[in-house]
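Accompanying notes for the structure given below.
Laboratory data are not the source of any read-out in this text; all were calculated from the coordinates shown. As the structure is a computational prediction, the values presented were derived from the model and not from experiment. Neighbour counts are summed over all protein chains in view; Cβ atoms, including those assigned to glycine, are modelled from backbone coordinates with ideal geometry.
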Amino acid sequence: MSQTSTHRMYFLALVCDPSLEEKVLQLKYQMRDRYGCVTALRSPAHITLVAPFWLDEPKEGELYKALDVFDSDIGSLQIELNGFSHFNRKVLFIQVIENPGLEELKNQVTDHFINQFGDVIKRDLRPFHPHITIANRDLKPGDFLKAWEQYSRKTFKEHFEANTISLLKLSPGKWDVVRSREL
């Protein structure tokens, strides 16, 4: 879908709690200061459940309603984080330990929102690889090698309780949480 003045981007995610957000933010600042990476700073620390999609802004209320009526028997999840990894030479991230409940929640959220907004939300055919990004798209290939050499040896062990799903909207320059719902 092409962007028009009435279309906005949205996505659904599990946003990290404030104490973990602060730790992730420090890692993002390191990437900014050392390698000029700023893209990851535009969103709160999160695990994406439904990838970004375009929607006509007047339909935002329908997104709110769809989130409000989403029902899952999974409840809150304990999310374990351990170490760093990467996708190709473009994205550095904190690894999320495999969690069947998280994968099931992602499937339930995806199914629910495709059922409601199948004309704009498409199923991601790639395997689910939950992660928390610290650098992406603006990480230069030469800088990736330097950064990966450093982060591949770093430890990062944290956990958080994911008990809300959040809808994020792209505002000028950053993603904002515009609605949340408890699991």
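Just tell me the longest site-free run in the chain, where the sites are trypsin sites (Lys or Arg not before Pro) in a DSSP loop having at most 15 other beta-carbon atoms within 10 Å. With a cap of 15 other Cβ atoms within 10 Å, the longest stretch comes to 1-88.
About the Cα centre of region 7-182, what is the dipole size in debye to 20, counting +1 per Lys and Arg Cβ and -1 per Asp and Glu Cβ, all else neutral? Mind showing how you got there, number by number?
Values: 24 positive and 25 negative charges, 211 e Å.
Here the size comes out at about 1020 debye.
Cα-based values for the chain, radius of gyration first and Dmax second, are 16.5, 47 Å.
Using +1 at the Cβ of each Lys and Arg and -1 at the Cβ of each Asp and Glu in region 1-58, identify which of THR39, TRP54, VAL15 lies farthest towards the dipole's positive end. It is THR39. Site pair LYS65 and ALA51 shows an inter-label distance of 2.8 nm when each label is modelled 7 Å from Cα along Cα→Cβ. Counting only lysines at least 8 places from LYS157 when in the same chain, those with an alpha carbon closer than 20 Å to its own are LYS23, LYS28.
Within region 8-51, whose backbone N sits under 11 Å from a point 7 Å along Cα→Cβ of PHE128? Those under the cut-off are 48-50.
Taken over the Cα atoms of region 106-183, the convex hull encloses 163 Å³ per residue.
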